[in-house]
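What follows is calculated from the coordinates using simple rules that are stated; it is not laboratory data. Treat the numbers as computed from the prediction; the structure is a model and nothing was measured. Here the Cβ positions follow ideal geometry from the backbone for every residue, glycine too, while neighbour counts run over all protein chains shown.
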Amino acid sequence: MVRRKKSRFERFFSLNQHRKRWGARRHIVADPDLAAMRDRIIEAGEPVQTHGSEKSLDLHLANLRREFSGQAELLFHHASLIVLIRREVRLAENIAQFEGLWAQEAEFLCRHLNLRWLISAADTLADHARDPQARSIAMMASLLGNTVKIGESDRYIHGAEALTPLPERIEALQAGMVPLFDGLSVFKAGTDDMLRNMYWRLEPYFATGPAGMIFKTIYDRMQIHDTAFARLRALHHRDRTSWWESRET
């Protein structure tokens, strides 16, 4: 059974939650100069990716700053806002800043953020965006990114990353349906139109605001990194059913 998420009332009386917010005032940027942040490069030594979070906000943000060493300060500012929002620090103010940041700098952020932070951005919009449509699209983006992560994690755990396609199975798929489970069947590598049709359905969402840009960026990255999408793309030979844009080649 999935554990129940604590209510805001319960979190308000949680000492642990208050500890996570101690010192937050020092990290709030009331009127950030986004253009200047785009141009400033963080110099904090060799970058080290963070994993998990420290209870100390000061330490957590210091670690994050090092993660973005060599990159634009704007990317660190974006990550800092996510941290402050998740710790419910001046929530309304920081949500407004976060949405304003994406309204103004979506193209830059989509170009420079990695998938981890794009999915975190989607999660934040899914939780807090004022527009219900933006929340829905952001949730779709998060679902796509995290579902692929689960699939690739399972592949790694089972040592399947070294496996190669079996030509006889690909040929069998063209000859007829191969059942999976619960009415689903195997994607016909090489010709299937399922992903092309899905792409057509997604296009209107891709074109809808910053959440759509995040969604489209995540989708496009999945076509070029080592994912099921990219591996099936490598086997695809029917142009009219391709599900990626030619500029992604």
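Per residue of segment 135-140, in order, report the coupling 6.51 cos²θ - 1.76 cosθ + 1.60 (Karplus, θ = phi - 60°) as ³J(HN,Hα) in whole Hz, putting x for Gly and Pro.
Once rounded to whole Hz, the list reads 4, 5, 5, 4, 5, 4.
Return a whole-number percent for the relative contact order of the chain, with Cα pairs under 8 Å and 6 or more residues apart as the contact set. Numbers along the way, then the final one.
On the way: 244 pairs, mean separation 37.1, N = 249.
Value for the chain: 15 percent.
Looking at the chain as a GNM with Cα springs under 10 Å, which of ALA138, ALA79, ALA189 has the largest mean-square fluctuation?
ALA189
If you take the beta carbon distance between GLU88 and GLN133 as r and set R0 to 35 Å, what does 1/(1 + (r/R0)^6) give as a FRET efficiency, to the nearest 0.05? Intermediate values should be presented prior to the final figure.
On the way: r = 24 Å, r/R0 = 0.69.
About 0.90, to the nearest 0.05.
If you split all Cα-Cα distances of the chain into 5 Å bins from zero, what percentages do you get per bin, shortest first?
Cα pair-distance distribution for the chain, in percent: 1, 5, 11, 14, 16, 15, 12, 9, 7, 5, 3, 1, 0.
Grab the DSSP H runs of the chain that are 4 residues or longer, score each as -39,500 (n - 2.57), total them, divide by all residues and round the 222 nm result to the nearest 500 deg cm²/dmol. Show your work: numbers first, answer last.
Values: 12 runs with 151 residues, N = 249.
Using -39500 (n - 2.57) per qualifying helix, the result is -19000 deg cm²/dmol.
If you build the Cα gyration tensor of segment 141-248 and take the root of 5 times each eigenvalue, what three semi-axes come out, in whole angstrom, biggest first?
Working: eigenvalues 119, 63, 36 Å².
Calculated on Cα positions only, the semi-axes equal 24, 18, 13 Å.
Once the other residues with Cβ under 11 Å from the Cβ of ARG40 are scored (Lys, Arg +1; Asp, Glu -1), what is the net sum?
-3
Work out how much length ARG196 to ARG231 would gain on full extension: take 0.36 nm times their residue separation and subtract the Cα-Cα distance, in nm to one decimal. Mind showing how you got there, number by number?
Working: separation 35, 0.36 × 35 = 12.60 nm, distance 1.53 nm.
Contour length minus the Cα-Cα distance gives 11.1 nm.
Quick one: which residues, 5+ away or cross-chain, put their amide H under 5 Å from the amide H of SER185? H built at 1.01 Å from N.
LEU180
Pick from TYR199, TYR156, TYR219 the residue whose mean-square fluctuation is largest in a GNM of the chain, springs joining Cα atoms under 10 Å.
Fluctuation is largest for TYR156.
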